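A short worksheet on the structure shown next.
The values are calculated or read from the model by the stated rules, or taken from the named source; none is laboratory data. In this text the structure is predicted, and so the values were computed from the model without any measurement. So basically every Cβ, Gly included, is an ideal-geometry build from the backbone, and we count neighbours across all protein chains shown. To get the accessible areas, we keep the full protein, side chains included, count just its heavy atoms, and leave off ligands, DNA and RNA. Shrake-Rupley method; radii C 1.70, N 1.55, O 1.52, S 1.80 Å.
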Amino acid sequence: MKKTLFDKVWDSHVVSSVENGPDILYIDKHLIHEVTSPQAFNVLEEKEIPLFRPNQVVATADHNVPTENQHLPIQDALSRKQVTQLSKNCEQYGVTLYGLGHPYQGIVHVIGPELGVTQPGMTMVCGDSHTSTHGAFGTIAFGIGTSQVAQVFASQCVLVAKPKSMRVTVSGDLHPDVQPKDVVLYIIAKLGTDAGTGYFVEFAGSVFEQMSMEGRMTVCNMSIEMGARGGMIAPDQTTFDYVTGREFAPKGEALEQKIAYWKTLPTDEGASFDLEHHFDAADIRPMITYGTNPGMGIKIGEKIPESDDASFIKSLQYMGLKAGSSLLHMPISHVFIGSCTNSRIEDFRAAAQYVKGKQKSPDVSALIVPGSQQVAKQIVAEGLDRVFEEAGFVLRQPGCSACLAMNDDKIPAEAYCVSTSNRNFEGRQGQGARTLLASPVTAAAAAVAGKIVDVSQQ
Amino acid sequence: MEKFEILESGMVPLTIENVDTDQIIPARFLKATDRKGFGENLFRDWRYTNDNQAKDFVLNNDAYAGKILVAGNNFGCGSSREHAAWALADYGFRVVVSSFFADIFKGNALNNGILPIQVSSDELQAIFTAINSNPSIQAKVDLEMQQFRIDEAGIVLSFEINAYKKMCMINGYDDIDYLLSQKEAITAFEQNRS
């Protein structure tokens with residue numbers, strides 16, 4: 001029988017199936033962080049049961065950590081308590097923790113791949129919906145709730161019904177100014193914010209074959225924004241080259257054996273999907289969102305569509321925008337380059353390349369937040385820190401930061417923020433904040449111009 | 001988990017579509033280390049102004065009360081935060097009716113004794129119309145029969161639920177207990193694949 005990449009990885013991880021119910025899916029790697037794990041550790045405590053496979057759990061502190069003065073105690077009492085609780089729990093249950101101050105600390109979906117924890121053909125979960133990021137390696141990776149975090153602690157398995165399969169193929173050549181973020185924003189704008197619900201998506205076609213691993217991570221990261229539990233891209237030489245040599249990746253003969261296995265994973269020729277979508281790469285241009293869900297996106301320069309739908313009208317009211325108008329040249333006051341979507345070194349290289357020799361607009365505050373300590377180190381090694389600082393951007397320490405504003409990095413009410421993060425929901429970046437999702441280059445260009453510009457027209 | 005059998009209750013209509021979990025419980029309230037007290041901040045920024053004044057929002061409207069939330073299409077999208085389900089449960093909701101639910105939210109709801117009932121768009125509109133004509137109209141949810149009815153409006157709907165999840169809800173079973181009972185099979189699986 002012809003199988004998809006998803007089928008191959010899923011089927012090899014099914015312990016058994018509950019009659020008329022879900023599968024018991026074995027989980028290879030479980031990533032945890034301070035916000036969605038404490039209540040799960042409490043379950044172990046209440047039930048007086050051990051953590052079944054502590055060696056398959058990796059922890060970091062990312063969601064609520066400050067991005068300044070990370071060497072000092074966290075000032076916010078509740079955040080401090082959560083981070084302290086994570087340390088205590090990890091120590092008690094024997095879980096490896098890359099906490100604040102550790103050279104491997106960072107956003108959970110940035111450090112997994114960069115440490116080689118994430119490998120093709122695995123199953124991975126985390127109490128965070130953007131776990132889909134790891135699908136870039138041909139991994140089944142998805143977000144779970146805290147009850148399920150407790151289940152994985154207790155049994156290294158989750159109970160989950162096998163989703164349906166969807167393939168999104170993008171073929172042809174991309175415009176040179178189009179970034180991976182634009183590709184995924186384009187797909188979500190075309191399909192809608194709930195099109196993927198109930199599905200696992202495979203991204204296929206020449207565009208993804210030619211994309212770097214970091215670009216693939218950006219795309220898979222946002223699978224959840226079209227409702228899909230996860231997204232995957234077939235592992236290939238680009239994947240193997242990325243994984244090779246990383247701290248926790250297999251080495252030597254073990255790696256050779258793994259690569260031979262990983263080469264068997266891509267979808268068989270002729271395997272069928274429950275749903276297929278095809279897009280022409282040449283149609284994609286730099287994208288931006290105008291509404292309060294990630295599906296509300298347009299090419300920069302296009303007009304905001306019209307609709308008499310009540311939820312659509314409510315959304316535009318929140319954003320302070322008018323149907324039929326264009327966002328091009330609209331003034332903005334904030335720029336955020338960071339988050340698990342776009343905080344890897346290539347994102348900062350792309351932004352720095354645009355910014356080099358320019359100055360940010362005096363009307364804009366521009367925040368650069370690396371995804372991990374290793375990315376932060378690389379930024380300095382390549383001199384990008386000087387490029388950003390000379391241009392007036394503020395470079396901070398790693399964390400989720402203004403993507404969800406759990407720490408002090410908040411966007412003020414009614415302020416427009418061009419953000420490389422993944423969600424433009426009401427209040428996501430601060431109460432009343434108005435988020436415009438875009439690529440790192442579009443964000444950098446907005447910071448320089450003080451307004452929205454189309455880099456493909458410059 | 002609390003058992004779920006039959007529920008008779010009034011309904012709270014939330015006609016907005018694509019309600020994401022950031023609206024259900026904003027991220028700044030996720031700093032707790034236990035599961036208690038989230039109901040207070042359910043729909044916080046739709047319920048209250050920055051200086052804690054009640055806004056014109058359905059939870060602040062005394063005309064509507066009950067344990068059933070009826071919501072617009074694609075309820076619970078976005079973040080995987082189970083705090084959204086905890087907030088709904090803590091506030092007192094036991095059922096959410098919508099024409100579409102996001103996957104992760106649906107699972108989280110079921111793991112917390114909240115029954116997500118998916119109906120068609122037309123059925124959802126009929127329910128909204130019924131509530132609109134009589135805000136205190138009563139609905140009855142029978143999980144065993146997989147039936148949702150509003151007798152006063154002549155609405156009788158059947159809904160789908162996975163047989164395993166139905167058994168869990170009716171008996172108050174948690175997935176974790178089931179998984180713990182499968183430890184032997186899980187260990188055997190680990191040994192066979194290495």
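So what is the relative contact order for chain A, in percent, with contacts set as C-alpha pairs under 8 Å and at least six apart?
Relative contact order here is 18 percent.
Can you order the peptides A:285-293, A:379-387 by their average number of other Cβ atoms within 10 Å per residue, highest first?
A:285-293, A:379-387
Per residue of segment B:40-48, in order, report the coupling 6.51 cos²θ - 1.76 cosθ + 1.60 (Karplus, θ = phi - 60°) as ³J(HN,Hα) in whole Hz, putting x for Gly and Pro.
Listing the rounded values in order: 4, 9, 4, 6, 3, 7, 8, 8, 10 Hz.
Along Cα→Cβ, 7 Å out, is where each label goes; now give me the distance between the ones at B:Y173 and A:E46 in nm to one decimal.
1.9
Could the peptides B:111-121, A:156-166 be put in order, highest first, of the mean number of other beta-carbon atoms found within 10 Å of their residues?
A:156-166, B:111-121
For segment B:9-110, report the accessible area per residue in Å² (1.4 Å probe, heavy atoms, rounded to an integer).
Per-residue accessible area for segment B:9-110 comes out at 32 Å².
With a Förster radius of 60 Å, plug the Cβ-Cβ distance of A:D363 and B:Q138 into 1/(1 + (r/R0)^6) and report the FRET value to the nearest 0.05. Intermediate results must be reported in sequence, preceding the final value.
Values: r = 56 Å, r/R0 = 0.93.
E(calc), rounded to 0.05, equals 0.60.
Are there any GluC sites (Glu not before Pro) in segment A:183-253 that are in a DSSP loop and have at most 12 other Cβ atoms within 10 Å? List them by number.
Here the sparse-neighbourhood loop sites are A:E247.
Any lysines with Cα under 26 Å of the A:K358 Cα? List them, leaving off those in the same chain fewer than 8 positions away.
In chain and number order, the partners are A:K181, A:K299, A:K377, A:K410, A:K451.
With an 8 Å Cα cut-off and a minimum separation of 6 or more residues, compute the relative contact order for segment A:125-275 in percent.
Computed over segment A:125-275, the figure is 31 percent.
Which of the peptides A:230-239, A:21-30, A:260-269 is most tightly packed, and how do the rest follow, going by the mean number of other Cβ atoms within 10 Å of each residue? Mind dumping the intermediate values first?
Working: A:230-239: 23.2, A:21-30: 21.0, A:260-269: 15.1.
Ranked by mean Cβ neighbours within 10 Å, highest first: A:230-239, A:21-30, A:260-269.
Helix-only mean residue ellipticity at 222 nm, chain A, DSSP H runs n ≥ 4 weighted -39,500 (n - 2.57), per residue, nearest 500. What is it? If you can, show how the numbers build up before the last one.
Values: 15 runs with 141 residues, N = 458.
Counting only the DSSP helices, I get -9000 deg cm²/dmol.
Loop only by DSSP, 15 or fewer other Cβ within 10 Å of the Cβ. Give me the GluC sites (Glu not before Pro) in segment A:36-70 that pass, ordered by residue number.
Filter output for segment A:36-70: A:E48, A:E68.
I need the calculated FRET efficiency for the pair A:S212 and A:N55, taking r as the beta carbon distance and R₀ as 35 Å, to the nearest 0.05.
Approximately 0.70, to the nearest 0.05.
Carbon and sulfur atoms: what percent of the 1.4 Å accessible area of segment A:200-340 do they account for?
51
FRET efficiency for A:A77 and B:S181, Cβ-Cβ distance as r, R0 = 41 Å, nearest 0.05?
The formula returns an efficiency of 0.50 here.
Return the average number of partner chain Cβ atoms within 10 angstrom of each residue Cβ along peptide B:44-54.
1
Label A:K314 and B:A153 with points 7 Å out from Cα along Cα→Cβ: what is the distance between them in nm?
Label at A:K314, label at B:A153, 1.7 nm between them.
Could you tell me the total accessible area buried at the A-B interface, probe 1.4 Å, in square angstrom to the nearest hundred? If you can, show how the numbers build up before the last one.
Working: alone 18040 and 10590 Å², together 23880 Å².
When A and B are taken together, about 4700 Å² of accessible area is lost.
Give me the distance in nm between label points sitting 7 Å out from Cα along the Cα-to-Cβ direction at A:H175 and B:D34, one decimal.
5.5
Evaluate peptide B:92-104: per residue, the Cβ atoms of other protein chains within 10 Å of its Cβ; return the mean as an integer.
Partner-chain Cβ atoms within 10 Å, mean over residues of B:92-104: 3.
Take the alpha carbon atoms of segment A:290-337, find their center, do the same for segment B:77-96, and report the distance between the two centers in whole angstrom.
28
For peptide A:417-428, what's the mean number of Cβ atoms from other chains within 10 Å of each residue's Cβ?
Counting other chains' Cβ atoms within 10 Å and averaging over A:417-428 gives 3.
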